[in-house]
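First comes the structure, then the notes that go with it.
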Amino acid sequence: MPLARLWPLLSSREAERAAKLGFDHHRARYVRAQAGLRMILSGYLGIEPEAIGFQYGEAGKPFLEDTLSCLEFNLTNSGDLALVALSTGVPVGVDCEQIRDRWDVVAIADRMFTPEQTARIASAAPEDRLRQFHIAWTALEAEAKADGRGLLGRHRPAAQAALRIEHCVPEPGFVAAVARERLPPVGDWITMTLDAGLYPVTHKSFGAIHIGAGVYKFPFDCILATMRYAFGVTGGRCRI
Ligand SMILES: CC(C)(COP(=O)(O)OP(=O)(O)OC[C@H]1O[C@@H](n2cnc3c(N)ncnc32)[C@H](O)[C@@H]1OP(=O)(O)O)[C@@H](O)C(=O)NCCC(=O)NCCS
């Protein structure tokens, strides 16, 4: 979909933020992600994408304004991919990362992860080390995004419910984690293709290899939607 048709869906706050971005491709990704999020939410809420109002938590987590608060969501971007997790009743956090080479994974792990996780990454075979790192990283971020504390405030008081975290491969070369109080095992998730209006239309069972743009659906009350930006990329019917 041409960018010019997506700009009008954005709020003035989002449009201002987009306008301030220094690079055209960053601006395009941002506009597509926000517009795509609004279109997906619109499909579930039954109201126009541009009419959806957001409020923001202390560390910036967007959520639906009170009148629409039955639906929880969270967005993540990595490269040309964006995921939206939807949940009824309880908060949800999602993080997606493109697996890319970096030399400092053990040093970062040492700072950010538990000693057990760091040891697992450090002792992994070189070809598996990056994957292990990104699995741990996405789990950390998804958990920190579920209640909106973000990375700076990720340690939760012991009284709060522990979150379940599950991983999936939204596209080859990416790893994603979802954090929520209740989550079925990833093998039970279902993938649905999206039509041009971003409504889920067909079901496919979830496999290890991802099928392109789609929606991962958990039973009943939690959904993970995938958006692939159309930077010359074909494949997948959900191109926004
Ligand atoms: C939230 C956070 C972990 C996201 O990390 P990231 O990997 O760069 O970004 P992702 O692509 O996964 O997610 C970004 C999206 O998550 C959502 N988001 C923003 N803040 C969030 C938060 N605190 N919790 C959950 N989701 C948040 C937004 O939809 C955002 O999309 P946008 O940037 O297009 O508006 C990171 O930005 C963070 O820790 N922020 C909090 C900073 C903070 O504590 N500030 C305190 C006030 S100074």
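The values are calculated or read from the model by the stated rules, or taken from the named source; none is laboratory data. Model, not experiment: these values are computed from the prediction. In this analysis, Cβ positions are derived from the backbone assuming ideal geometry, glycine residues included, and neighbour counts consider all displayed protein chains.
A few points about this structure:
- Within region 34-120, strands (runs of 3 or more DSSP E) holding 2 or more residues that are surrounded by 18 or more Cβ atoms within 10 Å (Cβ to Cβ) and touching a Gly at 6+ places or on another chain (Cβ under 8 Å): 71-78, 81-88
- Any hit, region 191-209, residues being more than 23 Å from M39 (Cβ to Cβ), outside any loop (DSSP other than H, G, I, E, B) and at pLDDT below 75: yes
- Residues being closer than 16 Å to P8 by Cα and either away from the ligand (no atom under 14 Å from the Cβ) or of a type in the set (D, E) (or both) - total across region 22-57: 8
- Test set (1) assigned to a strand (DSSP E or B); (2) out of contact with any Lys or Arg (no Cβ under 8 Å at 6 or more places or on another chain) - H25 fails condition number: (1)
- Filtering region 134-162 to residues that are surrounded by 18 or more Cβ atoms within 10 Å (Cβ to Cβ) and at pLDDT below 90 leaves D147, R149.
- For region 1-35, a tally of residues being modelled with pLDDT under 85 and in contact with a Leu (Cβ under 8 Å, 6 or more places away or on another chain) returns 0.
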